[in-house]
Amino acid sequence: MLNSIIMKHSIFKIFMCFGVIALVFSGCKKDPNTYMLTVNISPADAGEIEITPNLSVYEEGTTVTLRVTASEGYSFGSWAGDYTGNAQSVEITMDGDKAIDAMFSMGFNEDFEDDEANNFIDDESGRWSVNDKAYYLTGTGSDTWGYSWYNFTDFDNFEYSVDIKATGNTSLQNAVGIYFRSASGDFLQNSYWFSITFDRNWNFIKFINNETIWLKEWTLSDVINIGLDQTNTLKVRCVGSTIELFVNDISYGVFTDADFSAGYIGVGGYDIAGYNNTYVFDNISLKAVEETPAKSGLKLTPRLQNTTGMDPRFSN
């Protein structure tokens, strides 16, 4: 009987020991791998990153969405570090610790998707509005210029592009375009002005203290899409004293002029009597460039146009 009791007691002790051993092994079992995500913004005040989900650590295999928003005067460039690419919203799979940088540069993108002309200041003429996710200049037949500019100055070396369309009761011979390196919002004072007409003409002008200097007189081009409701993309690329002009991604040449090195950028068009000229501006973007300027350019021989009593303030 005693041996039986001792034996049973021994078995119980062994079971208890096994139970303790099992508990210990259970406590040593690893949890699923977890990883850390570190994100940085460069420059530090250039924008924000929205992280979804935003956790201190992530289990292996978790998908994390990163979405960048640029601050005023900046444009998102690309991701660097443990992820590369240039999409503004990306998905990251956490399969290890990751450090990812969002790289910004001077510039902006405005597609009017939020039905707001963010950071744009107009001429207070009442002719500017945002409709159908685009920026409209609707004329009143008043024989005056309409213009609007981005509220950030000192853009120096950059690539600036705008989609432009004429619609409604608009004269195809009217000038519409973009200006840049402007000393103020009023581009007719001191700035460069690149414009087209929707009957396939273009020009390049410099304004100095309200005087018009022709850098390229009106020139016919079959690159320009003709007629109403046709979109043309105007782009300029400025590096140092070189200025390259594009329409629909076709270069019109590299010009050399050093009078204005930095300033505001904007859009504008002429409002002529007899028409309710309507211009639609969309996909306005500017990004900084640092490449070496072109070694050769078209040396300009400006022609000063006497603009006394003229409205508009230039004519060819």
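The values are calculated or read from the model by the stated rules, or taken from the named source; none is laboratory data. Keep in mind the model is a prediction, meaning the values are calculated, not measured. Glycine gets a Cβ as well: all are built from the backbone with ideal geometry, and neighbour counts include every protein chain shown. Heads up: the accessible areas ignore ligands, DNA and RNA and are worked out on the full protein's heavy atoms, side chains in. Shrake-Rupley method; radii C 1.70, N 1.55, O 1.52, S 1.80 Å.
Under 5 Å from the amide H of T212 lie the amide H atoms of Q305, T307, each residue being 5 or more positions distant or on a separate chain, with H modelled from the backbone and absent for Pro and chain starts.
When Rg and the Kirkwood radius Rh are both evaluated on Cα atoms of segment 144-187, their ratio Rg/Rh stands at 1.00.
For the residue pairs K133/K287; K165/K206; K98/K133, the alpha carbons lie more than 25 Å apart in K98/K133. Listed by chain and number, the aspartates and glutamates whose C-alpha is less than 15 Å from the C-alpha of K216, apart from same-chain residues fewer than 8 away, are E244, D257. Distance from the Cα centroid of segment 120-152 to that of segment 167-223 is 16 Å (rounded to whole angstrom). Rolling a 1.4 Å probe over the protein heavy atoms leaves I226 with an accessible area of roughly 80 Å². Pull out a ≥ b ≥ c, the square roots of the eigenvalues of the alpha-carbon gyration tensor of segment 115-226, then state rounded if a/c is under 1.5, prolate if not and a/b is larger than b/c, and oblate in the remaining case. Taking the square roots of the gyration eigenvalues as a ≥ b ≥ c, segment 115-226 is rounded. Segment 224-263 and segment 274-289 have Cα centres spaced 13 Å apart. Positive contributions from Lys and Arg (+1) and negative ones from Asp and Glu (-1), summed over other residues with Cβ under 13 Å from the Cβ of G269, come out at -2. Ligands, DNA and RNA excluded, the heavy atoms of T242 present near 20 Å² of accessible surface to a 1.4 Å solvent probe. Computed from the Cα positions only, the extents of segment 27-104 along the three principal axes stand at 54, 19, 17 Å, in decreasing order. Per-residue SASA remark: K133, around 80 Å² accessible (1.4 Å probe; ligands, DNA and RNA not included). Taking θ as phi - 60° and the Karplus parameters 6.51, -1.76 and 1.60, the scalar couplings of segment 69-82 work out to 10, 7, 7, 4, x, 10, 10, 6, x, 6, 8, 9, x, 7 Hz in sequence order, x denoting glycine and proline. Taken along the Cα-to-beta-carbon direction at a fixed 7 Å, the label points for E290 and D95 span 3.2 nm.
In this rough spin-label picture, where each label sits 7 Å from Cα along the Cβ direction, the N210-T38 distance is 5.9 nm.
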